[in-house]
Amino acid sequence: MSRRNIIFVFLVLFGMSVLFAYFQSLPSLLQKKPTLLTGKILTRPMELDNFELIDQNNQTFNSESLKGNWTILFFGYTNCPDVCPTTIYKLAEVKNDVNQNLPSKNFNTVLVTLDPDRDTPERLDEYIGYFDESMLGVTGTYKNIQSFSSNLSVFYQRINKDGGYDFNHTASIFVFNQDGSLFATMSPATSVSELRDDFYTILNNF
Amino acid sequence: MRPKSLNFFILIALFLVSFGHTSYAELAIDDAWIRSGPPNSKTFAGYLKFTNTSSTEVSIKELKSNAFEKIEMHSSFTEDGISSMKKLNALEIPANSTLNLKPGGYHLMLNSPNKMIKESDLIELIIYFETEGSIMILRSDAMVLRNGYE
């Protein structure tokens with residue numbers, strides 16, 4: 001075979017393999033990545049640094065606790081009478097809906113307090129037990145709550161007022177996948193049906 | 001009799017109310033409820049709908065209740081992803097319009113209950129509002145519910 005023919009065969013083979021690779025990846029190129037109505041899916045799930053918190057049953061809550069199930073987590077405090085119970089109810093409704101329609105895709109919901117002074121495990125037990133006993137309420141030392149929240153870029157600020165204090169804080173809802181990595185963030189200021197649609201988008205596609 | 005020390009006269013209107021709806025001339029109140037909470041809660045949130053049927057602005061100045069030490073008007077809002085709460089001195093309701101106090105927005109903050117607040121309790125609210133330079137008083141009942149009228 002002449003040198004020219006060898007180059008020709010090589011080029012044809014190269015061209016065929018490029019076409020093969022292109023058609024192999026075509027379905028995934030054509031498939032649009034699902035998008036959320038109320039937030040966004042991270043380009044790559046983000047693993048968290050380890051953390052050490054405690055739940056309302058005095059059980060350790062750390063990065064291992066996030067593994068195995070999908071987890072929805074948000075920050076708040078039990079002296080917040082408006083937004084926190086509203087978010088708890090919204091998430092409980094979404095959870096009930098998913099449990100009925102996708103029983104294999106159970107997920108956990110978690111409230112992490114920003115107010116460890118007042119929110120002891122006992123207080124969280126009372127509060128969470130009242131609104132949604134299947135939810136986890138998590139507290140810890142100042143330092144551990146701060147390090148966990150800064151890992152998620154959560155901002156919070158104590159606002160003193162007559163006879164008490166409130167918090168301004170990041171409102172986002174954080175979604176963790178079964179590996180315990182941060183998968184998506186959502187806004188709680190949306191309707192139950194939008195949140196529900198977004199959870200179905202995640203659970204049905206990943 | 002008109003008290004001379006006040007710039008405006010005070011008219012007290014106490015009504016026997018049919019549950020869920022109260023009105024006095026230009027101001028109507030519907031669906032008043034207070035979110036129940038676990039025992040020993042110190043703070044509760046209340047919600048209701050004000051409808052101003054008059055052609056002038058109505059301003060809600062103050063709320064009182066025998067069941068709570070203090071009632072404040074608040075607004076929850078989210079700005080740049082940060083959830084905050086702000087105390088308001090008054091709630092303005094423009095002419096011929098409705099202001100809906102609902103979870104995650106405008107709400108009443110009911111502090112320091114004088115008694116145990118339980119689900120299905122009816123809590124009396126006394127609402128002081130200003131219209132055309134006069135302060136009026138309207139009474140309404142709010143029901144203690146877990147999750148509002150659903």
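A few points about this structure:
- For A:LEU203: the one exception among (1) hydrophobic (A, V, I, L, M, F, W, C); (2) free of Cβ contacts under 8 Å to residues at least 60 places away in the same chain; (3) away from every other protein chain (no Cβ under 14 Å): (2)
- For the range B:24-44, taking the residues that are buried (at least 19 other Cβ atoms within 10 Å of the Cβ) and of a type in the set (D, E, K, R), the one that is nearest to the other protein chains (Cβ to nearest Cβ) is identified as B:ARG35.
- The range A:147-156 - residue that is more than 8 Å from chain B (Cβ to nearest Cβ) and touching a residue at least 12 places away in the same chain (Cβ under 8 Å) and, of those, nearest to the chain's Cα centre (by Cα): A:LEU152
- B:PHE129 vs. criteria farther than 22 Å from A:ASP132 by Cα, free of Cβ contacts under 8 Å to residues at least 60 places away in the same chain and either part of a loop (DSSP other than H, G, I, E, B) or of a type in the set (Phe, Trp, Tyr) (or both): no
- Within the range B:75-90, considering residues that are surrounded by 15 or more Cβ atoms within 10 Å (Cβ to Cβ) and either more than 9 Å from chain A (Cβ to nearest Cβ) or out of contact with any Phe, Trp or Tyr (no Cβ under 7 Å at 6 or more places or on another chain) (or both), the one farthest from B:MET116 (Cα to Cα): B:GLY81
- Within the range A:157-200, if we keep just the residues that are closer than 14 Å to A:VAL94 by Cβ and of a type in the set (D, E, K, R), the residue that is nearest to the other protein chains (Cβ to nearest Cβ) turns out to be A:GLU194.
- Failed condition for A:TYR165, given (1) aromatic (Phe, Trp, Tyr); (2) part of a helix (DSSP H, G or I); (3) at pLDDT below 95: (2)
- Scanning the range A:119-131 turns up no residue that is of a type in the set (Asp, Glu), buried (at least 17 other Cβ atoms within 10 Å of the Cβ), away from chain B (no Cβ under 14 Å) and not in a loop (DSSP other than H, G, I, E, B).
- Number of positions in the range A:146-170 that are over 30 Å from B:LEU88 (Cβ atoms) and not hydroxyl-bearing (Ser, Thr, Tyr): 4
- Residues that are touching a helix residue (DSSP H, G or I) at 6+ places or on another chain (Cβ under 9 Å) and crowded, with 23+ Cβ neighbours inside 10 Å within the range A:75-87 comprise A:PHE75, A:GLY76, A:TYR77, A:THR78, A:PRO85, listed in sequence order.
- Filtered by the rule that a residue be at pLDDT below 95 and either assigned to a loop (DSSP other than H, G, I, E, B) or on the phi > 0 side of the Ramachandran plot (or both), the range A:179-206 gives A:SER187, A:PRO188, A:ALA189, A:THR190, A:SER191, A:PHE206.
- Test result for A:TYR77, in contact with a Cys (Cβ under 8 Å, 6 or more places away or on another chain) and among the aromatic types (Phe, Trp, Tyr): yes
- The set of residues in the range A:89-106 being buried (at least 22 other Cβ atoms within 10 Å of the Cβ) and without any contact (Cβ under 8 Å) to a residue 60 or more places away in the chain is empty.
- Residue list for the range B:65-74, restricted to those being buried (at least 16 other Cβ atoms within 10 Å of the Cβ) and either at the interface with chain A (Cβ under 9 Å from one of its Cβ atoms) or assigned to a strand (DSSP E or B) (or both): B:PHE68, B:ILE71, B:GLU72, B:MET73, B:HIS74
- Selection count, the range B:33-64, where residues are assigned to a strand (DSSP E or B) and either of a type in the set (A, V, I, L, M) or without any contact (Cβ under 8 Å) to a residue 40 or more places away in the chain (or both): 6
- When we screen A:LEU66, A:LEU111 for residues that are modelled with pLDDT of 90 or more, within 14 Å of chain B (Cβ to nearest Cβ), under 18 Å from the mean Cα position of the chain (by Cα) and buried (at least 19 other Cβ atoms within 10 Å of the Cβ), the only hit is A:LEU111.
- Count - residues of the range A:69-87 that are within 13 Å of the chain's Cα centre (by Cα) and within 11 Å of chain B (Cβ to nearest Cβ): 2
The values are calculated or read from the model by the stated rules, or taken from the named source; none is laboratory data. Predicted, not measured: the structure shown is a model, and the values here were computed from it. FYI the Cβ positions are ideal-geometry reconstructions off the backbone, even for glycines, and counts take in every protein chain you see.
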